[in-house]
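Shown next, in structure tokens, is the structure this report addresses.
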Amino acid sequence: MRILFIGDIVGKLGRSAVAQVLPDLKQKEEIDFVVANAENVTHGRGAKIEHLRELQQAGVNLFTSGDHIFYLDPDEPFSDPAIPVLRPANLPEGTPGDGWRIFEAGGQKIAVINLLGWEFLGERLAEDNRNSWLKGKVENPFHTAERLLKEVSADLVFVDFHAELTSEKRAMGFFLDGRVAAVLGTHTHVPTADTEILPKGTGYVSDIGMTGSRDSVLGVEPAVIIDRLKDGSAEPFEWVEKGPAVFRSVLIEIGKGNSVKRIMRMDSEVNYQ
């Protein structure tokens, strides 16, 4: 069985890259199931149902996310049962959406768990007054993972760990090594070169990277970010919607006995004018 994880899809350019690359890639690589992080699909932050539907039609089977999934409308991304969207499982009870689900693919029951990192993310959400959707405390993701592994019954378990620090992601990888099929890092939008199979058999990558504008700073016009960092400017983000785009993804191949046979980057580049 082959499962593809697509990194954070950012805005119109990211959606266009998925529409162009995924259908052929899915057929060529005989991919059984596609997961994509969708918290940034609508103009860089949040997810409108029309854009999720567009990506589903391109071949995405399941969407994961992070805190930005609630940026536009906290309920909309989860409003269509035919479009499965996860939010981090360690968000407080009462938060819209589900933190994990089980699907059938390649004759197997596969579970996908979505977790939000603690350092510089979960610990700070309640301090931001823009997060009115947050109705309680974010749970430590290690505690959530431990609890869910006792509840989830599936042949294979995959974890999207949406976190800031590579150290926290690697710690989670080793914490879950031998207990899940793979731990895939998302959030930073920067792809890492550390795809590997950990000592006890779990596939791992610190960050899949971003699917969106190549010539940008995490999807934003570079000049805007430079002005913010250099001069303290407060100008709004200008999301890049034309030009070269990158498609960042990781393919996991499951072999005999449900062991991870390979984990490898599947990246490509396209251009839009």
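The values are calculated or read from the model by the stated rules, or taken from the named source; none is laboratory data. On a predicted model such as this, the values are computed, not experimentally measured, just so you know. Cβ coordinates were reconstructed from backbone atoms using ideal geometry, including for glycine residues, and neighbour counts include every protein chain displayed.
Brief remarks on what is shown
- Pairs are defined by a Cβ separation below 7 Å, a sequence spacing of at least 6 or placement on different chains, a first member in region 233-245 that is of a type in the set (Lys, Arg), and a second member that is part of a strand (DSSP E or B); the pairs so defined are 242/272.
- Yes/no for residue 63 being in contact (Cβ under 8 Å) with a residue 40 or more places away in the chain and either surrounded by 19 or more Cβ atoms within 10 Å (Cβ to Cβ) or touching a Cys at 6+ places or on another chain (Cβ under 8 Å) (or both): no
- Yes/no for residue 55 being within 16 Å of the chain's Cα centre (by Cα), at pLDDT 95 or above and assigned to a helix (DSSP H, G or I): yes
- Within region 238-259, the residues that satisfy the criterion of being among the aliphatic types (A, V, I, L, M), more than 15 Å from residue 35 (Cβ to Cβ) and in a strand (DSSP E or B) are 245, 246.
- Hits in region 66-94 - residues which are free of Cβ contacts under 8 Å to residues at least 24 places away in the same chain and of a type in the set (D, E, K, R): 75
- The C-beta contact set for region 108-130 (first residue at pLDDT 90 or above, second residue charged (D, E, K, R) and in a strand (DSSP E or B), distance under 6 angstrom, 6+ apart or interchain) comprises 114/160.
- Residue under evaluation residue 41, criteria (1) surrounded by 23 or more Cβ atoms within 10 Å (Cβ to Cβ); (2) in a helix (DSSP H, G or I), criterion not met: (2)
- Checked against the criterion of being part of a loop (DSSP other than H, G, I, E, B), touching a helix residue (DSSP H, G or I) at 6+ places or on another chain (Cβ under 7 Å), small (Gly, Ala, Ser) and more than 22 Å from residue 262 (Cα to Cα), region 192-209 has no qualifying residue.
- Among the candidates 89, 111, 154, 171, residue that is part of a strand (DSSP E or B) and within 26 Å of residue 260 (Cβ to Cβ): 111
- Within region 212-239, tally of residues that are β-branched (Val, Ile, Thr) and in contact with a strand residue (DSSP E or B) (Cβ under 7 Å, 6 or more places away or on another chain): 2
- Count of residues meeting criterion [surrounded by fewer than 22 Cβ atoms within 10 Å (Cβ to Cβ) and closer than 30 Å to residue 176 by Cα] in region 192-240: 11
- Residues located in region 145-179, provided they are among the β-branched types (Val, Ile, Thr), under 17 Å from the mean Cα position of the chain (by Cα) and surrounded by fewer than 19 Cβ atoms within 10 Å (Cβ to Cβ): 166
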